[in-house]
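Here is the structure we will look at, set down as structure tokens.
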Amino acid sequence: MAEVLVYVDHVDGAVRKPTLELLTLARRIGEPVAVALGAGAADTAAALAEHGAVKVLTHEATEYTDYLVVPKVDALTAAVEAVSPAAVLVPSSAEGKEIAARLALRIGSGIITDAVDLEAGDEGPVATQSVFAASFSTRTRVIKGTPVITVKPNSAAVEAAPASGEVSELAVSFGALATGTKVTARTPREATGRPELTEAAIVVSGGRGVNGAENFALIEALADSLGAAVGASRAAVDAGWYPHTNQVGQTGKSVSPQLYIASGISGAIQHRAGMQTSKTIVAINKDAEAPIFDLVDYGIVGDLFDVVPALTEEINTRKG
Ligand SMILES: Cc1cc2nc3c(=O)[nH]c(=O)nc-3n(C[C@H](O)[C@H](O)[C@H](O)COP(=O)(O)OP(=O)(O)OC[C@H]3O[C@@H](n4cnc5c(N)ncnc54)[C@H](O)[C@@H]3O)c2cc1C
């Protein structure tokens, strides 16, 4: 069976959830071979094996943290040469997409970005993408070289599928460009205790209807009752009510959670572009004609200042 390379996103050996989702998808098209780089790479092996990696290729070097993405592209290129995989899967983060694009260029392959599903096809893996501000779904196949595919978080369930996870060291030699851009400082983001927006299984977002930075406490309380991340429309972000890093949409982040709750958001196409692939969409809006109601699974016509606290209270009560 053909091998499928999976690029491992991890923090000091702790594998992030989107990578485990990639292993689920990789198993549909071949045998997953994980590539883990940087400090703690070897510590990823147990989690990767537990979720289906038949092999784990590791390489630890300070270049991966001291410089931007090129050393990682060098390593993935080496892995492609060593394995001749049927495909290379990379999480659709900003960094993941840059790595994938550079890799595809290096190896002369086609690339598919932001896939939301993946299946085996007679002539190679077939990816589903959601395009034109999520107005259409397309099924796409790479026809040149080794398919490089980035996959959005929450596109597949994490499934335990124990495999051998045999660890071996990947031989990597860095090219001259690898050390071209040095990271000179890092500032940790202030921890909120909430999940990362693009990876969260549930996202609760607020828009202009929230009507003030102080009122975002209501959105945060609902999010916390569900263990969710907080998102915001551009109108709310531009008004200075919530940080830009939490903006969902065409010019913000693209999210695809199991559940998306939009409060006081009208549903402009640029907002929809960032959340329309969510599995279940709920909207709370006092205007029954708001366009967001065209795409929801459940719509609540009401004042968010009544509905959101009532919802939060009910959820907290049921949680006991
Ligand atoms: C190039 C470009 C890129 C853009 N990128 C993005 C993007 O990435 N993300 C994004 O979000 N937007 C983006 N926009 C902006 C987008 O077009 C909309 O202007 C924006 O999404 C509107 O935000 P909103 O829904 O919060 O506000 P509005 O459209 O003003 O809607 C507010 C909604 O709240 C409801 N409401 C008011 N009070 C209450 C209440 N008390 N209870 C319940 N409901 C209430 C109203 O009925 C209304 O439907 C972009 C625009 C352009 C031109």
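From the list LYS55, LYS72, which one is touching a Phe, Trp or Tyr at 6+ places or on another chain (Cβ under 9 Å) and open to solvent by 20 Å² or more (accessible area, probe 1.4 Å)?
LYS72
Inside region 1-33, can you point out the residues that are touching a residue at least 60 places away in the same chain (Cβ under 8 Å) and among the aliphatic types (A, V, I, L, M)?
Listed by number, the residues that qualify are ALA2, VAL4, LEU5, VAL6, LEU20, LEU22, LEU23, LEU25, ALA26, ILE29.
For region 12-26, indicate whether the set of residues that are open to solvent by 10 Å² or more (accessible area, probe 1.4 Å) and more than 22 Å from the chain's Cα centre (by Cα) is non-empty.
no
Just to be sure before I move on: is ALA120 open to solvent by 10 Å² or more (accessible area, probe 1.4 Å) and within 23 Å of ARG28 (Cα to Cα) in the structure I sent? Don't jump to the end; show me each part of the working.
On the way: open to solvent by 10 Å² or more (accessible area, probe 1.4 Å): yes; within 23 Å of ARG28 (Cα to Cα): yes.
Taking the combined requirement at face value, the residue satisfies it.
For region 248-273, how many residues meet the condition of being in contact (Cβ under 8 Å) with a residue 40 or more places away in the chain and of a type in the set (Gly, Ala, Ser)?
7
Among all residue pairs at least 6 apart or on different chains, which show Cβ distances below 8 Å where the first residue, located in region 216-228, is under 15 Å from GLY264 (Cβ atoms) and open to solvent by less than 10 Å² (accessible area, probe 1.4 Å) and the second is not hydrophobic (A, V, I, L, M, F, W, C) and not in a loop (DSSP other than H, G, I, E, B)?
Close Cβ pairs (under 8 Å, with a partner that is not hydrophobic (A, V, I, L, M, F, W, C) and not in a loop (DSSP other than H, G, I, E, B)) amount to PHE216/GLY206; ILE219/SER205; ILE219/GLY206; ILE219/SER263; LEU222/SER263; LEU222/THR312.
Could you look through region 291-319, keep only residues that are open to solvent by 40 Å² or more (accessible area, probe 1.4 Å) and of a type in the set (Ser, Thr, Tyr), and pick out the one that is farthest from the ligand (Cβ to nearest atom)?
THR317
Across region 247-258, what is the number of residues that are open to solvent by 40 Å² or more (accessible area, probe 1.4 Å) and not small (Gly, Ala, Ser)? If you could, list the steps in order and put the result at the bottom.
The first filter runs over region 247-258 and keeps only residues open to solvent by 40 Å² or more (accessible area, probe 1.4 Å), leaving 250-251, 253-254, 258.
This time we only want the ones that are not small (Gly, Ala, Ser), so: 250-251, 253, 258.
Of the residues in region 247-258, 4 are open to solvent by 40 Å² or more (accessible area, probe 1.4 Å) and not small (Gly, Ala, Ser).
When you go through (1) among the aliphatic types (A, V, I, L, M); (2) open to solvent by less than 60 Å² (accessible area, probe 1.4 Å); (3) in contact with a helix residue (DSSP H, G or I) (Cβ under 8 Å, 6 or more places away or on another chain); (4) free of Cβ contacts under 8 Å to residues at least 40 places away in the same chain one by one for ALA127, which number turns out not to apply?
(3)
For residues in region 274-290 being near the ligand (Cβ under 8 Å from one of its atoms) and in contact (Cβ under 8 Å) with a residue 24 or more places away in the chain, which is most open to solvent (accessible area, probe 1.4 Å)?
Residues of region 274-290 near the ligand (Cβ under 8 Å from one of its atoms): 274, 284-287, 290.
Keeping just the survivors that are in contact (Cβ under 8 Å) with a residue 24 or more places away in the chain gives 274, 284-286, 290.
Numbers: GLY274: 1, ILE284: 1, ASN285: 20, LYS286: 162, ALA290: 6 Å².
If we take residues in region 274-290 being near the ligand (Cβ under 8 Å from one of its atoms) and in contact (Cβ under 8 Å) with a residue 24 or more places away in the chain, then LYS286 is most open to solvent (accessible area, probe 1.4 Å).
Please determine, by comparing only the residues of region 75-101 that are assigned to a helix (DSSP H, G or I) and surrounded by 19 or more Cβ atoms within 10 Å (Cβ to Cβ), which one is farthest from the chain's Cα centre (by Cα). Let's see the steps before the verdict.
Initial filter on region 75-101 (assigned to a helix (DSSP H, G or I)): 75-83, 94-101.
Within this subset, residues satisfying the condition of being surrounded by 19 or more Cβ atoms within 10 Å (Cβ to Cβ) are 75-76, 79-80, 83, 96, 99-100.
Details: ALA75: 22, LEU76: 19, ALA79: 23, VAL80: 23, VAL83: 25, GLY96: 9, ILE99: 14, ALA100: 14 Å.
Among residues in region 75-101 that are assigned to a helix (DSSP H, G or I) and surrounded by 19 or more Cβ atoms within 10 Å (Cβ to Cβ), the one farthest from the chain's Cα centre (by Cα) is VAL83.
How many of the residues in region 188-211 are open to solvent by less than 60 Å² (accessible area, probe 1.4 Å), away from the ligand (no atom under 16 Å from the Cβ) and hydrophobic (A, V, I, L, M, F, W, C)?
Looking only at region 188-211, we keep the residues that are open to solvent by less than 60 Å² (accessible area, probe 1.4 Å), and these are 194-207, 209-210.
Imposing the further condition that a residue be away from the ligand (no atom under 16 Å from the Cβ) reduces the set to 194-196, 199-202.
Now narrow it down to the ones that are hydrophobic (A, V, I, L, M, F, W, C): 200-202.
Matching residues across region 188-211 total 3.
Working carefully through the options GLY264, GLY249, find the one that is under 20 Å from PHE305 (Cβ atoms) and within 6 Å of the ligand (Cβ to nearest atom).
From the options GLY264, GLY249, the qualifying one is GLY264.
From THR65, THR24, grab the single residue that is part of a helix (DSSP H, G or I), farther than 24 Å from GLY175 by Cβ and of a type in the set (S, T, N, Q). I'd like the intermediate steps shown before the answer.
Numbers: THR65 fails: farther than 24 Å from GLY175 by Cβ.
Criteria check complete, one pass: THR24.
Restricting to region 251-297, count the residues that are among the hydrophobic types (A, V, I, L, M, F, W, C) and under 27 Å from PRO18 (Cα atoms).
Taking region 251-297 first, the residues among the hydrophobic types (A, V, I, L, M, F, W, C) are 255, 259, 261-262, 265, 268-269, 273, 275, 281-284, 288, 290, 292-293, 295-296.
Within this subset, residues satisfying the condition of being under 27 Å from PRO18 (Cα atoms) are 255, 259, 261-262, 269, 273, 275, 281-283, 295-296.
Adding up the residues that qualify gives 12.
The values are calculated or read from the model by the stated rules, or taken from the named source; none is laboratory data. The shown structure was predicted, so the numbers you read here are calculated from the model rather than taken from an experiment. We place every Cβ from the backbone using ideal geometry, glycine too, and count neighbours over all the protein chains shown. These accessible areas exclude ligands, DNA and RNA; they are computed on the full protein's heavy atoms, side chains included. Shrake-Rupley method; radii C 1.70, N 1.55, O 1.52, S 1.80 Å.
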